[in-house]
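Working notes for the structure below.
What follows is calculated from the coordinates using simple rules that are stated; it is not laboratory data. Only a predicted model underlies this, so the values are computations on that prediction, with no experimental measurement involved. No Cβ is skipped: glycine too gets one built from the backbone with ideal geometry, and neighbour counts run over all protein chains shown.
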């Protein structure tokens, strides 16, 4: 299969995804600054929730690494190796053995696992029950398996015809589907738990104090879903674009 037969050349897909990722990364920088300000404003260092702050910093660092890797990869494919790589930019972006290609996939998997782990842990804290998070934990392990095999498959092949095989396409599909399902399921459990607590409370004053929490959780779930969309659009977007045409 010729990469140019997909309806959109891979160099165009890579450029578009990088531009969109850069725009969304700017919003994530502002959100990260707001998060750190919330943690530290008028608080002593010993009063800061260090585990949550650490996760926030790690997510921001991984997001930054993702953007840097993508910029380097686009610069290599469109400028540095444009005239020297066999097949040109289209073949370059279809080459899974490129170091930046593999590094980008690995960072995306790590970032997704960390974010989903936080959502599951937050669900456990609210419910205070291990049984509630059994299914999310199983789904998290499945995400890790799909992500690992996805990155591994991409690192083994170097031609456009074999990189987007049916097997690789299924790993990509499974990784993205399970990630969204885990996020939505865990966030739904959180909202449901708070809603049931609210129903048991009869005073209007307390209800007004609980309902904003539900809105915050829903907003957080939406924002994290957008974050996942950004990464899954910029990292395996090229793979997704061609894999589904192959699977169809």
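What order, most packed first, do the peptides 82-92, 38-48, 141-151, 57-67 have when packing is the mean number of other Cβ atoms within 10 Å of each residue?
Packing proxy ranking, top to bottom: 141-151, 57-67, 82-92, 38-48.
Arranged by the count of other C-beta atoms within 10 angstrom, fewest first, what order do 131, 122 take?
Numbers: 131 7, 122 18.
Placing the least packed residue first, the sequence is 131, 122.
Suppose R0 equals 41 Å. What FRET efficiency, 1/(1 + (r/R0)^6) with r the Cβ-Cβ distance, do residue 185 and residue 31 give to the nearest 0.05?
For residue 185 and residue 31, the calculated efficiency is 0.95.
Would you mind giving the average projected area, over all directions, of the Cα convex hull of the range 53-163 in nm² with one decimal?
The directionally averaged projection comes out at 7.9 nm².
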